[in-house]
Amino acid sequence: MYREIKLCRACGAANLFAEVMDLGTQPLANDFRLPGEACNGYAPLKVLYCQGCSLAQLSVVVDPQILYSGYPYVTSRSNTMLGHFALLWQAINIECRPDRILEIGSNDGFFLDYCLQNGAKDVIGIDPAENLAEIANARGLFTIPGIFNDSNADKANRHFNGPDVVVARHVFCHIDDWKKFVVNLDVVCRKNTLVVIEVPYVMDTLERVEFDQIYHEHLSYLSINAMNALLDGTPFQLHRITRFPIHGGSVVIMLRRRDAGVTADASVPKFMAEEQNEIGHKWAHFKDKSFFRINKLRDIVNEKCAQGLVCGYGASAKSTVWINACGFKRKHINFICDETKQKQGRLSPGTDIPVMSEKALHTAEYAVLFAWNFSEEIRRKNADWKGEFLTA
Ligand code: TYD
């Protein structure tokens with residue numbers, strides 16, 4: 001079901017690993033199954049830090065076939081996400097006015113649709129979740145079902161030769177073989193193609209103690225220094241780095257081909273220097289800080305359970321991490337409400353806690369806000385609810 005990693009995915013070092021986090025053996029965060037259905041199994045959730053290039057990565061890689069078949073994660077239609085798309089589109093348009101966009105990990109095509117509505121002329125998606133690629137194709141967004149491998153890079157090239165922009169939003173850290181990813185980027189990118197990679201930013205994860213970003217799909221916790229180490233000796237270089245608030249703090253890493261002759265923006269050395277001063281120290285304290293938060297939420301929920309019905313809000317992957325780290329069962333969290341139809345009627349991985357529609361919130365006195373990254377929007381939309389949101 002999984003294999004242990006032996007080498008740093010970015011710099012190739014073999015023995016520079018320090019263990020910086022261990023959440024034990026955990027279920028797969030998006031393995032929402034129907035009652036009575038067998039789960040896809042459990043795997044260790046441990047993070048190793050490379051003292052060479054500062055990449056943090058999981059100690060194991062779970063078979064992607066298991067992780068991504070029948071994938072329930074659908075890009076949020078929230079105003080928060082639309083606001084982010086607007087900012088990202090603006091950042092891309094400062095670099096170039098893209099006609100042709102290739103998105104790797106295009107999910108159900110929500111971002112590509114946004115691009116078409118805002119001036120792009122032709123788009124292609126590639127996504128391994130066949131159920132989502134089907135939805136995108138049915139909506140007229142040409143989507144290749146599968147991972148970004150040699151054959152799908154060729155297929156994309158046959159559709160349009162050389163996109164203006166290649167976008168990879170929150171997919172890069174799900175990929176095991178980065179060297180191959182860069183080789184395939186080389187196949188699809190022409191001289192002036194802009195590459196836009198958006199990931200949760202490790203410095204936000206560390207500063208805000210977001211240990212719930214750690215689950216089996218997130219193989220890596222990427223720093224700019226690690227990305228720079230990966231690109232060493234490849235046709236690509238760091239071009240511009242920008243932080244965005246989405247998903248608890250993300251970073252957009254823009255790459256350009258070296259032979260395009262474009263000078264890198266001042267943000268590149270700035271981010272690298274800031275990380276070098278702090279990242280090792282922050283990882284060294286991360287585990288203790290995380291367990292402080294876990295214990296705190298456990299205490300809060302135990303106390304509130306005695307006073308009224310407690311539910312969760314947002315059956316996110318993050319909720320699975322919290323729930324299993326705290327050891328919550330249905331007697332603690334009676335249900336989780338979530339707007340995603342694919343998750344409703346299913347059970348939170350590793351537990352007997354069912355996912356219900358958002359309407360169920362009104363039957364609870366307390367709700368643990370697992371989708372804290374959409375906090376403002378969720379609180380606003382449930383302003384008429386008389387209960388109390390809980391967070392650690
Ligand atoms: P998200 O943070 O997008 O993902 P991850 O699984 O990577 O942690 O998950 C947020 C969840 O919250 C998602 O399942 C949708 C749900 N949600 C609602 O139910 N209602 C809302 O108003 C919003 C904004 C999200």
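Derivation of every value follows stated rules applied to the coordinates shown; laboratory data play no part. What you are looking at is a predicted structure, and each value in this text was computed from that prediction instead of being measured. For neighbour counting, all protein chains shown are included, and Cβ atoms are generated from backbone atoms with ideal geometry for every residue, glycine included.
Net charge of the neighbourhood of Asp265, taken over other residues with C-beta under 14 Å away and scored Lys/Arg +1, Asp/Glu -1, is +3. What the Cα convex hull of segment 312-392 gives, in volume per residue, is 86 Å³.
The spacing between segment 370-387 and segment 277-351, judged by their C-alpha centroids, is 16 Å.
For segment 111-175, the dipole from Cβ point charges (+1 on Lys and Arg, -1 on Asp and Glu) about the Cα centre works out to 120 debye, to the nearest 20.
For segment 241-317, the calculated P(r) over all alpha carbon pairs, in 5 Å bins from 0 to the bin holding the longest distance, is 3, 10, 11, 14, 16, 12, 10, 8, 6, 5, 3, 2, 1 percent. Relative contact order of the chain, taken over Cα pairs closer than 8 Å and 6 or more residues apart, is 16 percent. The magnitude of the dipole of the chain, with charges of +1 and -1 set on the Cβ of Lys/Arg and Asp/Glu and taken from the Cα centre, is near 200 debye. For Ile126, what is the net charge nearby, where nearby means another residue's Cβ is under 10 Å from its Cβ and Lys, Arg count +1, Asp, Glu -1? Charge balance near Ile126 sits at -1. A simple packing score, the average count of other Cβ atoms within 10 Å per residue, orders the peptides 124-136, 225-237 as 124-136, 225-237, with the highest score first. Here the convex hull built on the C-alpha positions of the chain has a volume of 130 cubic angstrom per residue. Counting only cysteine Cβ atoms and a cutoff under 4.7 Å, the chain contains unmatched residues Cys39, Cys96, Cys115, Cys173, Cys189, Cys305, Cys311, Cys326, Cys337.
Taking 0.36 nm per intervening residue step and subtracting the Cα-Cα distance, what contour gain separates Glu207 from Arg3 on full extension?
70.5 nm
Since only Val202, Leu230, His216 are under comparison, the one whose Cα sits farthest along the positive direction of the charge dipole of segment 178-230, derived from C-beta charges on Lys, Arg, Asp and Glu, is Leu230.
Could you tell me the relative contact order of segment 152-288? Use alpha-carbon pairs under 8 Å, at least six residues apart, and round to a whole percent.
25 percent
At an R0 of 35 angstrom, the distance between the Cβ atoms of Gln307 and Leu82 translates into a FRET efficiency of 0.40. On a per residue basis, the convex hull of the C-alpha atoms belonging to segment 221-364 measures out at 156 Å³.
Among the GluC sites (Glu not before Pro) found in segment 169-221, not one is both in a DSSP coil and sparsely packed, with 11 or fewer other Cβ atoms within 10 Å of its Cβ.
When the Kirkwood hydrodynamic radius is evaluated over all pairs of different C-alpha atoms of segment 1-125, what value in angstrom, to one decimal, is obtained?
17.9 Å
The stretch between Asn118 and Thr234, if pulled fully straight at 0.36 nm per residue, gains 38.5 nm over its current Cα-Cα span. Approximating the spin labels as points 7 Å out from Cα along Cα→Cβ, the Lys341-to-Ala38 distance works out to 3.0 nm.
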